[in-house]
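The values are calculated or read from the model by the stated rules, or taken from the named source; none is laboratory data. Here the structure is a predicted model, which means the values were calculated and not measured. Cβ coordinates were reconstructed from backbone atoms using ideal geometry, including for glycine residues, and neighbour counts include every protein chain displayed.
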Amino acid sequence: MKFFKRIIQVFGFTAMAILAITSCKRENKNNQATVIDDASKIHISGEMEAELTAPPFVPAPVGNRSAKKLKIHMEILEKEGTMTDGVKYVYWTFGGSVPGSFIRTRVGDEVEFTLANHPENKLPHNIDLHAVTGPGGGATSSFVAPGHEKMFSFKTLNPGLYVYHCATAPVGMHIANGMYGLILVEPEGGLPKVDKEYYIMQGDFYTKGEYGEPGVQSFDMQKAIDEDADYVVFNGKVGALTGDNAITANVGETVRLFVGNGGPNLTSSFHVIGEIFDNVHIEGGSVLNKNVQTTSIPAGGAAIVDFKVDVPGTFILVDHAIFRAFNKGALAMLKVNGEENKALYSGVVQEGIYNPEGGTIQTMPTDTKETVENKSKKTLQEKISSGKQIYTNTCFACHQANGEGISNAFPPLAKSDYLNADVKRSIDIVLNGKSGEIMVNGAKYNSVMTKQTLTNSEVADVLTYVYNSWGNNKTNVTEMMVLEVKNAH
Ligand code: CU
């Protein structure tokens, strides 16, 4: 009780949560008493400095090394970063990245943890590692003011993949600003060998402005309390793992993903489109599930998934609560290179038009009258940035990241004669959809594009982006132009 009071004095209300978490851990320990007893008796031999890596990379596997005194130096940095094109955010970080540096240990290690708070930071912080058996997961021993450092040590007793996070009040705010990461405790002898390993962590962000609103966006406490996320992202920002930043593998390789969820609020329905997880360490623990489509990763939890990549292509990683993926940023890419295997996946064998309702295009109900709109005050560059986001959410699945299209299916937008010949026709297609045969750059296409549900300004921005990319004719499509095409119907 004396201990309890002391904690209350230091941390106030936060302590309640910490104690609750700690007591959960004790229950776990009882269930796995044999593991704990063995691990606590593992002797350490020698010491080493831990390798720390920024996402999406992880340190080298522990392999067969013996348990050691493992020294970790982690620096807390508060710094401005990019949430998405045109949107800045001041992140609070462990090691300068969101998620924080990946820590790789083995069971029985004696971790000597030094947490340094950079002198230019504005706030005190601490660290609660879920891999720690001890008060607050280290939080009570690591509370550190700017310009100071604290050291504490712990023995890793339970193998698994664990979240760490800041637990300084208001805890939710510190986590929401990016203060989380993963610590892996490998079993004796290490995890089975794979070809590629990556580090991915989901987080939800709450900003004063809505999704995509430009400028430096500050944290919105009320939205966080309401769990009304503006951004749900992998690795701290929209597009951290897309395009040139995608993770990669070659056909035939095995890929292991260490996936965490920092929250602070949302549970992840983690899924890789076009892949099946061969193995999932459920909740980052020791139980293996096999042949899994989507694994649930709670806030403050993790999972280890692995799978063999058998066919080439771009595989999309999502939170399958799917509006988060296509409207809030929870989308990453795994690019697999290598030879096609038609026996496993044929690709399109034959394509025709199927129009059970007589050739009309799917429509959504809309307001019928639309006349005056505020004239956009965005610069060309702002429109292109905004358009790029809309493109990523809406167009890229068919027309591809660099407008190259998909041969025999979806026409290219890059250096497209069809697009550059007639801007009004392009606007009309985005507004109203398109079916029937067209010729683009000398090739025939006969697919269906559905009507897009975008605002006039979004249509203008996305087309401006397309026209100002990939060798097109740099047309600046305005809202007025969109409105004119709309009203001509
Ligand atoms: Cu903090």
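So, in the stretch 335-350, exactly how many residues are out of contact with any strand residue (DSSP E or B) (no Cβ under 8 Å at 6 or more places or on another chain) and among the β-branched types (Val, Ile, Thr)?
Residues in the stretch 335-350 being out of contact with any strand residue (DSSP E or B) (no Cβ under 8 Å at 6 or more places or on another chain) and among the β-branched types (Val, Ile, Thr): 2 in total.
Mind checking which pairs have a first residue in the stretch 79-102 that is without any contact (Cβ under 8 Å) to a residue 60 or more places away in the chain and within 12 Å of residue 52 (Cβ to Cβ) and a second that is assigned to a loop (DSSP other than H, G, I, E, B) and acidic (Asp, Glu), Cβ under 8 Å, 6 or more apart or different chains?
No pair meets every condition.
Cβ-Cβ below 8 Å, separation at least six or inter-chain, first residue in the stretch 117-141 and farther than 15 Å from residue 152 by Cα and among the charged types (D, E, K, R), second more than 10 Å from the ligand (Cβ to nearest atom) and in a loop (DSSP other than H, G, I, E, B): which pairs?
120/146; 122/146
Checking residue 421 against (1) under 32 Å from the mean Cα position of the chain (by Cα); (2) free of Cβ contacts under 8 Å to residues at least 60 places away in the same chain; (3) surrounded by fewer than 18 Cβ atoms within 10 Å (Cβ to Cβ), which single condition isn't satisfied?
Result: residue 421 passes all but (1).
Residue under question is residue 282, and the condition is that it be surrounded by 22 or more Cβ atoms within 10 Å (Cβ to Cβ) and out of contact with any Asp or Glu (no Cβ under 9 Å at 6 or more places or on another chain); does it hold?
no
Which condition does residue 171 not pass, out of (1) modelled with pLDDT of 95 or more; (2) among the β-branched types (Val, Ile, Thr); (3) more than 16 Å from the ligand (Cβ to nearest atom), if it passes all the others?
(3)
For the stretch 134-154, give me each residue that is away from the ligand (no atom under 16 Å from the Cβ) and assigned to a loop (DSSP other than H, G, I, E, B).
134
Of everything in the stretch 60-80 that's of a type outside the set (D, E, K, R) and within 16 Å of the ligand (Cβ to nearest atom), which residue is farthest from residue 143 (Cα to Cα)?
Looking at residues that are of a type outside the set (D, E, K, R) and within 16 Å of the ligand (Cβ to nearest atom), I get 77.
I want to confirm something. Restricting to the stretch 174-198 and keeping residues that are surrounded by 21 or more Cβ atoms within 10 Å (Cβ to Cβ) and part of a strand (DSSP E or B), which single residue is farthest from the ligand (Cβ to nearest atom)?
197
Run down 485, 430, 459 and say which single residue is over 26 Å from residue 326 (Cα atoms) and either of a type in the set (D, E, K, R) or not in a loop (DSSP other than H, G, I, E, B) (or both).
Exactly one residue qualifies, and that residue is 485.
Exactly one of (1) closer than 14 Å to residue 254 by Cα; (2) surrounded by 22 or more Cβ atoms within 10 Å (Cβ to Cβ) is unmet by residue 330. Its number?
Among (1) closer than 14 Å to residue 254 by Cα; (2) surrounded by 22 or more Cβ atoms within 10 Å (Cβ to Cβ), the lone unmet condition for residue 330 is (1).
Conditions (1) within 14 Å of the ligand (Cβ to nearest atom); (2) β-branched (Val, Ile, Thr); (3) surrounded by fewer than 23 Cβ atoms within 10 Å (Cβ to Cβ); (4) in a strand (DSSP E or B), marked per residue:
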| site | (1), (2), (3), (4) |
| --- | --- |
| 112 | no, no, yes, yes |
| 121 | yes, no, yes, no |
| 132 | no, yes, no, no |
| 164 | yes, no, no, yes |
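Can you find even one residue in the stretch 239-261 that is loosely packed, with under 14 Cβ neighbours inside 10 Å, within 29 Å of residue 310 (Cβ to Cβ) and at pLDDT below 95?
Yes, the stretch 239-261 contains at least one residue that is loosely packed, with under 14 Cβ neighbours inside 10 Å, within 29 Å of residue 310 (Cβ to Cβ) and at pLDDT below 95.
Identify all residues within the stretch 264-311 that are β-branched (Val, Ile, Thr), outside any strand (DSSP E or B) and more than 15 Å from the chain's Cα centre (by Cα); write none if there are none.
The answer is 276, 282, 287, 309, 311.
Does the stretch 203-212 contain at least one residue that is away from the ligand (no atom under 16 Å from the Cβ), touching a residue at least 40 places away in the same chain (Cβ under 8 Å) and under 30 Å from residue 64 (Cβ atoms)?
No, there is no match, as no residue in the stretch 203-212 is away from the ligand (no atom under 16 Å from the Cβ), touching a residue at least 40 places away in the same chain (Cβ under 8 Å) and under 30 Å from residue 64 (Cβ atoms).
Being under 22 Å from residue 194 (Cβ atoms) and either modelled with pLDDT of 95 or more or within 16 Å of the ligand (Cβ to nearest atom) (or both): is that true of residue 101 here?
The answer is yes for residue 101.
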